Structure formats: C-alpha cells, structure tokens
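The values are calculated or read from the model by the stated rules, or taken from the named source; none is laboratory data. If you're wondering where the values come from, they're calculated on a predicted model, not measured in any experiment. Here the Cβ positions follow ideal geometry from the backbone for every residue, glycine too, while neighbour counts run over all protein chains shown. Only protein heavy atoms, including side chains, enter the accessible area calculation; ligands, DNA and RNA are left aside. Shrake-Rupley method; radii C 1.70, N 1.55, O 1.52, S 1.80 Å.
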Amino acid sequence: MKVSLQWLTKYVDLSGISTDQIADALPMLGLEVESVSSVGLPALSHVVVGEILSFEKHPKADRLNVCQVDTGDGTPRQIVCGAKNFQAHDRVPVALPGAVLPGGFEIKVSKLRDVDSLGMMCSAKELGLGDDHGGLLILTARQLPIGSPLNDHFPLPDSVFEIAVTANRGDALSHIGVARDLAAFFNKTLKLPSLSADAPDASAPPADSLLSALNVTAAASPYYTAWSLRGVRVTASPDWLQRDLESVGLRPINNIVDVTNWVMLETGQPLHAFDASKIAGRTLNIRNASAGEKITLLDGKTVALEESDCVIADAVKPLVIAGVMGGEDCGVSNATTDIVLESAWFSPAAVRKTSRRVAVNTDSSQRFTRDVDPAMVRFAARRAIDLILQTAGGTLAGPRIVAGAPPRGDRTIAIRSDFVRARCGYAVDDATILDVFRRLGFSVAVIPDGTAAIWHVTVPSFRPEVDRPVDLVEEFVRIHGTESIPATAIAAPTLPAADAPVTRFTRRANALLGGQGFAECWHYTLTEEKTIARFHGKALADALALANPLTSDQSHVRPSLLPGLLGALQLNLAGHNQPRRLFETGRVFRPGRDGALRELTAIAFVVLAEPVAPSWKKREPVDFFYAKKLALEVAALAGIAPQRLLFKPASDNGDVTAPFWQSGHAATAADRAGHAQIDCGLVDAKVTQERDIKTTLVAGEILLTQDNFASPPKRPRFQDWSPFPPVAKDVSVVVDAALSAAEVLDKVRGAAVKAAGKEFAVENITCFDVYAGTGLPEGKKSLAFSITFRAPDKTLTDDAANKAFEQILSSLEKGAKYQVRR
C-alpha cells in the first residue's frame, strides 16, 4: 500500500519529524517500509512559465517546429520542439540554459538541424510529474505570470511510503490507520475529519427514494447500507483530489468515482456508486449468484459466476461482485445525475474465495479480506457524501436504507499491570502503560481489586486482532518502543553436554551422503494435493490437508521427500547442471498403525543411474542393490540393524507408494515395531518421463519415528575376533517363485541362530544362487544359502557343525512353504 506524507498530515501533526524518522518508525510499528519515493515537482532552478507566441515548421525536419517563446526577459526565445499538442498562446514550462532536470539532464544552447534552440519546453515526465511523455505540459491556468519560476505554482513534492501490511492489520490499509499508529508512536493527537451529511435509518426505502426495494439474502452480507443522492454533476475532480490519488498510484476518473476511491484510501472502507438510472426495477438484491450467470466487470473481463459468489443485482441481472469489482452496466458516467451510494461489510472469507476463484484482486477485495472496521460503514459514507456534495453538487435524498447490523463491535479485555510487566520482563509504571493504551485509542476503566486494580481495556472495532491480554502487552511494547527496553544481562542455560539423538543422526547421515558425492537440498514441508494423491492415494491426501492453506500449491503437509528431490533434479537438468546425486533430510507426515498422523524424520536420495554428460571412462550404472545398500547404511546410523528389516517387493504389499516405483525393481521394508520403514529401488519410467529425465533414476527413502531417538544410542564396544577357523554349510530350498529371497533368508537366519545357541555364532548368511527351470515344478524356484559358523574360543568339530546344520534343515522342513533339497 502507498501512503502519502502530505495526506497523513491531514490527520496528525508531523512537523519537526523528518521523512527518515517516519521511515524508521513504521517498521517498529509492524508496517514494513518497502520503498520511499518523492512525488511532485522537485525544486528546479531556471525553469519558468513561458508563452508560445508563434511557431512554424522546421526548414529541415518535418517533425520539428521552430517556436518563438516569451519567457519574461523581454526578448522572445527561439526553441525547437517536436511536440504536437500545443497551439499559439499556450503557456508551458520552459527549461532555460543552465537548468538541470530530473535524471541529471542539463539544458544547454544547441543546434537542431542547423537551427538554434535556446532552451527546452517540457513534458510532465521530463519534470518528474508523471509518466506522460506524449506532449508538452500545458499550463491551463493562463493567469500564471510569464517568466515566474515554475515551482511557485506547484505544491512542494510529496514523500510516498510503500508499506507491506500483514494480514491481521486491516486497519493499516488506510491513511487514518497509519496516522493513528504514528500519532501514538510520536505522542501526537489524531485529528479525524468532521462530518456534516447524515440521515436517519430506515429498513425499507420510502416512496420517494431512488430505490423501491433493498433485499439481502446472502449470508456473506450481514450489514448493507445504501444512500441516495439526486442532482449530481459528473465532471473532472478538483486538482487536490486528483493530486492525492496520483501520488499513491491511482488514475483519476471523475469526481464521483474519485471521491469513493479517495475515501477508501482515507478510511479503509470500500464504497461503490451506482448510476440510479441503470438499476432495473429500482431494486437492489444482495444474493448468491445463480448457476450460469455471467457479469462483465469494469475492466472488461467477463466472469462466470458460481452459486457461492455473492452479488449485488437489480431486478434483472448482477451488477457487482460483492466486495470485488463492479460491472460495466452500472457505473457512473458523464450523463449520471442520480446515484445510489453503497457502504457495506462483506464476509472476509467469502470475498477472499470469490476473488481467488475469478482471479480478480482489487483495492476493495484486499480490504474486505482483511476484515474492515464495521464502524467505518457509516463514517465513510457520510465522509463521501460531504465530498460529493462539495465537488458535484446535488442533494442527499431520503434516509439511509439499512439491512442487517454490524457483525462485531468494541470488546473489553481485563488485564492487570503486573501481567504487562511480567510479560515484558522489565519494570514500567502503571501511568506509562495506561498512557500508551489511550494513545492507541483504547479506553481504560480502572476497577479497584484489593491492593492491585484490574483494568478493563475497551478495544475499538478497528482492531479485531487484539482480543487477549497478551495482545495488549504486544501493543504496549510496539508503541512504547523496543529501544526503551533496558539493557540487562541475559540469563541462559548452558549448552547440553550432547546434542539430541535425532540431531546427531541427521548430522551423521548428511556426512555419509555428502562424502559419497551427494548434494543436499532443502524444500518446504508443504506441497500440493495432486502430488500426494498421485503417489500416495486420495485418502492420505485428505488426511494431510491444511484447514486454511494460503496457496493452492502449498495446501498439504508432505508425506515424502522424494517428489521434491525429483523436482530439484528436473530443474537442474533443465539448467544444464550436472546434479547426478541429490539428498534431503527433513520431516514428513504419515499415519501410524493406530491411524493417527505422526511426524517422522526422513532421509531421501536420488541418483541418476548413468551420468548425463559423456565421460572418457565408462562406469557401471547404479541399480536397486546400490539403493538398498545405501539405505541400510543410513538406517544403521540410527541403530537399526539389517536383521530388523524384512524387504518385500514394493508392488506386493499393497503399499500406496507403488505407482512411484518400477515394478519388480523396488522394495519396501519395515521393522516389526513399526518404528522404521525403507523404500528403495528404481523410479517408475512414467514418473521420470513426466519430468523429462531421460535416464534411469534410482532412489531411496528412510522414515524413522521418534521412538528410535527416545534414548541415546548404545556406545559401541570392542569385541575381540576369533582366531579359530570358520565352518561353512550350504543349504538349498525350493519355494514358491513369488516368495522373496529376503523372507526365506530371514527364516534361515532365525533357524541358524536358534541352532547355534550360545556355543558358537552365526557369522554370515548369504544367498549365492537362484534357479528356476528344468527339474523344478512350475511356479517354483530354488534358493541356495551359505551359512558360516565360528566359535570364539575353539575350533568347531564336524559333529557340532553337522548337528546344528541338521537342526536348521528340520526347522525349515516344518514349514509348508519350504522344501529342502538334500
């Protein structure tokens, strides 16, 4: 929002306070200053009022004119000019030799196509008065003395602050709102404009009103008022009004429209003026749109309405999208003589929804969505009527037609001074606190209550976000100033002896992956619905939806880091970078076994199987087993042993992430307690093709619950190695072809550990052969495992090893799934 300093001084005396001081104060008040610019005619020496006496075509240039200009020094000046918008005896700004115009352009005596030019007649843009460079600035007031300095006839330049207003400070979207904060900060008096026009209220239009009926059925319009004015004359606005609007970037249109815009910028309350002759049936219906209705807005855009949209309609058609923009069929024109002035309060949520849907953002919608002050509905209308009567004439006709009532008013908050001091953390006397509240426009009633009084602070309706005692403390600190906080030593606890377990884990995981050539990425924890639904299903997408998202592409918390990494990979490949390996650590959200959402620590990585750029050395491409090995290494850093995890094909366990993975080349594993999950393998070719990734992509993700970090990990202890030789035994098992080798390996490991007991250890079990084909029944496969035993204190005998091996075979044969090949 742009705020004019000269405009602010209408409401607060800022004399003696520099522009820099104001620019420093506004951020301390919570209003961030994005820029400060100067608007208006700067101080220019050697720039005077001149009169064009005569002109003729340049002898050597068809587009130039040679003008004789009186600049008040007794002798006409010859000036060559390329503009076309002037005539003899027009008065124009003339920059004489020696003048320096905005931008550092110095005027000198020169020749243009062999004709002397003794100065320059100026356009508005060349003087810094606007962007109009289409011709000379014609000074319409012919009484301006020839030769007088131009600065004598223009107001001093204005300073304009462009401020960023947070969503909870709708009151600051007005000059009065900003002036109120500055008055409180600098301990000045706020001066509100005096009002003259007024009218009694009526629930229905009288017989002589410009309206015959006002009907409100839309829930989005709880408070609507309409005023009637007859006999207005639509013309150009006076100079002061145009200048104020132009200083903040608005284009003047006519006196009626300009007044409504000016009052909106003054008070923060949007208004709308209807041409009464264009209201069919003299009826205004504030209702929800009907299916299939359309409206053409003032900017020429045609919008299809939905039943959730609130509109102001006449007896035939919609005229305005409530709180957003008016239609072209009801606007004020030069032929308008009677107007109906709307001043209303519309639901912020309804205006925001419609404005977003139709992609139309206006000054009005910005203010309605920030919850404008209902008390300003009457004040702003009266202010606008005063200015309309002043600039356009006419008369106020009949009562104010009112439908509904203000949706909220002032509120009272009980607070003790000790509460303020406790939250501030420093001593401050009661009088200072009370003074700040009153400077803010809050009224305070002191209620005796023993030794400490209770303050009942009444907060006006223009500050709806102040509704708790702690909000009053924030308001006190904001106005009292953070620079008033006394300096003191900071009491802080010492650093813990060790970092939190989850922090140590992520740091070690970062070091592991970074050491293997991975580049780290960071993404927002919010994502869009369609990404979650695509890879995780609609049910999970619904469970992860935010109640009130700010944007449609950040409407859900993320369940996985992998889509973000794919996006980063796609972006870097498009930029011709070489991002072969990327990883990310962060938080994701998944439902637990009890159905409740849980926040998980996640580590994810993606690797291009083959490099994008050609290389002199051909390296073996990475595959599923690389991803599995890397994922297990990361999981081990959290104390999760591979034996705790049972891998299954990603498409075999009903996992909703299966569409992300390449069937038959990806797996998922989880421990029995549900505290850890690993997904790894090749990304589905359709997913990579959608992102224009032309090579195989290998990825993995490790998800860990906070249970893994409930206690510090056990410190590893040295274990002596055995000097005695191992004993290896091989076993071959025939199983169903659909059964995973990991499940059979887990079964063999369990049998081997049980058979070895405490006498010796099972040092290693590996699958060294997989066979399917001749000699085996259809739908079966043979898996061969090598089991290595070793005793720590002796050489194993054949009898001991064979006895254990027989127990393993017996254990495997007990299951119907397994057939041991002897």
(request) With 10 Å bins from zero, work out the P(r) of the range 684-806 over every alpha carbon pair and list the percent per bin. (result) 10, 25, 24, 25, 12, 4, 0
(request) Would you mind estimating how fast the range 135-256 diffuses translationally, via Stokes-Einstein at 20 °C and 1.002 mPa s with the Kirkwood radius over Cα pairs, in µm²/s? (result) 107
(request) Divide by every residue of the chain the summed helix terms, -39500 (n - 2.57) for each DSSP H run of at least 4, and state the resulting mean residue ellipticity at 222 nm, rounded to the nearest 500 deg cm²/dmol. (result) -7500 deg cm²/dmol
(message) Keeping all protein chains in place and using 1.4 angstrom, which order do L26, L112 fall into by accessible surface area, from largest down?
(response) L112, L26
(request) Equivalent ellipsoid semi-axes for the range 741-818, as square roots of 5 times the alpha carbon gyration tensor eigenvalues: give them largest first, rounded to whole Å. (result) 26, 12, 11
(message) How large is the direction-averaged shadow of the alpha-carbon convex hull of the chain, in nm²?
(response) 57.3
(request) Report the semi-axes of the equivalent ellipsoid for the range 1-126 in whole Å, largest first, where each axis is √(5λ) for an eigenvalue λ of the Cα gyration tensor. (result) 41, 15, 13
(request) For the range 445-458, just list the computed ³J(HN,Hα) in residue order, Karplus coefficients 6.51, -1.76 and 1.60, θ = phi - 60°, integers in Hz, with x standing in for Gly and Pro. (result) 10, 8, 10, x, 8, x, 7, 10, 7, 9, 9, 9, 9, 8
(request) In nm, give the distance between the simple-model label positions of K729 and N510, each being 7 Å from the Cα along the Cα-to-Cβ direction. (result) 4.9
(request) Would you mind checking the tilt of helix 798-813 against the longest principal axis of the Cα atoms of the chain, expressed as 0 to 90 degrees and rounded to 10? (result) 60
(request) May I ask for the Rg/Rh ratio of the range 206-264, computed from Cα atoms with Rh as the Kirkwood radius, given to two decimals? (result) 1.11
(message) Need one number for the range 670-743: average projected area of the convex hull over its C-alpha atoms, nm².
(response) 10.7
(message) Just the number please: accessible area per residue for the range 63-117, 1.4 Å probe, all protein chains included, in Å².
(response) 52
(request) Starting from the Cα-Cα distance between K10 and D430, subtract it from 0.36 nm times their residue separation and give me the gain in nm to one decimal. (result) 148.0 nm
(message) Given a 1.4 angstrom probe, I'd like the percentage of the accessible area of the chain that is carbon and sulfur, rounded to a whole number.
(response) 52
(message) Suppose the chain between A405 and N85 were pulled fully straight at 0.36 nm per residue; how much longer would it get relative to their current alpha carbon spacing?
(response) 109.8 nm
(request) Work out the length of the dipole vector of the range 595-714 about its Cα centre, built from +1 on the beta-carbon of each Lys and Arg and -1 on the beta-carbon of each Asp and Glu, and round it to the nearest 20 debye. (result) 340
(request) Compute the separation of the alpha-carbon centres of the range 254-289 and the range 726-771 and state it in Å as a whole number. (result) 83
(message) Quick query: amide H of V332 versus all other amide H atoms, modeled in the peptide plane; which residues come in under 5 Å with a sequence gap of 5 or more or a different chain?
(response) D275
(request) From zero up to wherever the largest Cα-Cα distance of the range 235-392 sits, split into 10 Å bins and tell me the percent of pairs in each. (result) 11, 40, 38, 10, 0
(message) Cut-off under 17 Å on the C-alpha distance; same-chain residues fewer than 8 positions from K57 excluded. Which aspartates and glutamates are left, in chain and number order?
(response) D114, D116
(message) I need two numbers for the range 53-183: Rg to one decimal and Dmax as a whole number, Cα atoms only, in Å.
(response) 20.1, 65
(request) State the volume of the convex hull built on the alpha-carbon positions of the range 480-539, expressed per residue in Å³ and rounded to an integer. (result) 282
(request) With viscosity set to 0.692 mPa s and temperature to 37 °C, compute the Stokes-Einstein D of the range 433-496, Rh being the Kirkwood radius across alpha carbon pairs; µm²/s, no decimals. (result) 234
(message) Suppose a student asked you for the relative contact order of the range 409-552, using Cα pairs under 8 Å spaced at least 6 residues apart; what percent would you report?
(response) 20
(request) Please give every one of the aspartates and glutamates within straight-line cross-link reach of K729, meaning a C-alpha to C-alpha distance under 18 Å, and leave out same-chain neighbours fewer than 8 residues apart. (result) D746, E759, E763, D769, D798, D799, E806, E813
(message) I need the per residue convex hull volume for the range 349-474, using only the alpha carbons, in cubic angstrom as a whole number.
(response) 186
(request) Principal axes first, then extents: for the Cα atoms of the range 99-142, list largest minus smallest coordinate on each axis, whole Å, largest first. (result) 31, 26, 18
(request) Against the globular-protein guess of 2.2 N^0.38 Å, express the Cα radius of gyration of the range 400-461 as a ratio, rounded to two decimals. (result) 1.45
(message) If I model a spin label at A202 and L550 as a point 7 Å from the Cα along the Cα→Cβ vector, what separation in nanometres do I get?
(response) 4.8
(message) Ratio of alpha-carbon Rg to the 2.2 N^0.38 Å globular estimate for the range 89-166, to two decimals, please.
(response) 1.34
(message) Over all directions, the average projected area of the alpha-carbon convex hull for the range 257-334 comes to how many nm²?
(response) 5.4
(request) Give the peptides 148-158, 260-270 in descending order of average Cβ contacts within 10 Å, highest first. (result) 260-270, 148-158
(request) With 10 Å bins from zero, work out the P(r) of the range 374-423 over every alpha carbon pair and list the percent per bin. (result) 17, 30, 19, 15, 12, 6
(message) Keeping every protein chain present and rolling a 1.4 Å probe, give me the accessible area per residue for the range 359-506 in Å².
(response) 48
(message) From Cα pairs below 8 angstrom and at least 6 apart in sequence, can you work out the relative contact order of the range 67-118, rounded to a whole percent?
(response) 30
(request) Let me know the charge dipole size of the chain about its Cα centre in debye, to the nearest 20, where only the beta-carbon of Lys, Arg (+1) and Asp, Glu (-1) is charged. (result) 2420
(request) Could I have the simple spin-label model distance between T458 and A737, label points 7 Å from Cα toward Cβ, reported in nm to one decimal? (result) 8.6
(message) For K530, give me every one of the aspartates and glutamates with a C-alpha distance below 15 angstrom, ignoring sequence neighbours fewer than eight places off in its own chain.
(response) D542, D553, E690
